[in-house]
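Working notes for the structure below.
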Amino acid sequence: ASRIVSKLIPGDVVLLTGDLGAGKTTFVGGALNALGYKDHVVSPTFNILKCYFEVKPNVFHIDAYRLEDQNIEIGLEEYIEGNGICFIEWPKFIAPLIPVNHIEISLTRIDDSVREIVITDKTDSHKELFKSLEGR
């Protein structure tokens, strides 16, 4: 997470997919810690959105889990398209709001301490990020 967030810029959108307990929120916490955030990060499952203005660039953390089959016109696009890095858990529930230019990080739980992480760039616009991760 720290290597990835160091290559992101305001306006970047990162989709986090994986089953419950795969480590999506832990990933966001690692990214925030790398940006200097000192507190524990919890999923905004019940709030839907948590904003971190105390780090630069700003980070917007969306958990869309509770939005399945709900009206998604609640103003999230302001943050998704905003001047910060936006991490979105359960993006399939707000698919119409997802920009074409995004990174997807899929986390699969192998066991209690091992995760498989697959990163894809739908538009090939983050070449610098992928170059920095080569051989990892």
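The values are calculated or read from the model by the stated rules, or taken from the named source; none is laboratory data. Keep in mind the model is a prediction, meaning the values are calculated, not measured. Glycine gets a Cβ as well: all are built from the backbone with ideal geometry, and neighbour counts include every protein chain shown. Surface areas here come from the heavy atoms of the whole protein model, side chains and all, with no ligands, DNA or RNA. Shrake-Rupley method; radii C 1.70, N 1.55, O 1.52, S 1.80 Å.
What's the local net charge at residue 39, with K and R +1, D and E -1, over the other residues with C-beta under 13 Å away?
Cβ neighbours under 13 Å give a net charge of +1.
How much of the accessible area of the chain, in percent, comes from carbon and sulfur atoms when a 1.4 Å probe is used?
49 percent
From the helices alone, meaning DSSP H stretches of at least four residues, give me the mean residue ellipticity at 222 nm for the chain, per-run term -39500 (n - 2.57), in deg cm²/dmol to the nearest 500.
-4500 deg cm²/dmol
State in Å² the accessible area per residue of the chain; use a 1.4 Å probe, count heavy atoms of protein chains only, and round to the nearest integer.
Heavy-atom accessible area per residue stands at 56 Å².
Kindly sort 79, 37, 65, 52 by accessible area of their heavy atoms, largest first, with the probe set to 1.4 Å.
Ranked from most to least accessible, the order is 65, 79, 37, 52.
Compute the length gained on full extension between residue 119 and residue 40: take 0.36 nm times their separation in residues and subtract their Cα-Cα distance, giving the result in nm to one decimal.
26.0 nm is the gain from fully extending residue 119 to residue 40.
Along Cα→Cβ, 7 Å out, is where each label goes; now give me the distance between the ones at residue 112 and residue 26 in nm to one decimal.
1.1 nm
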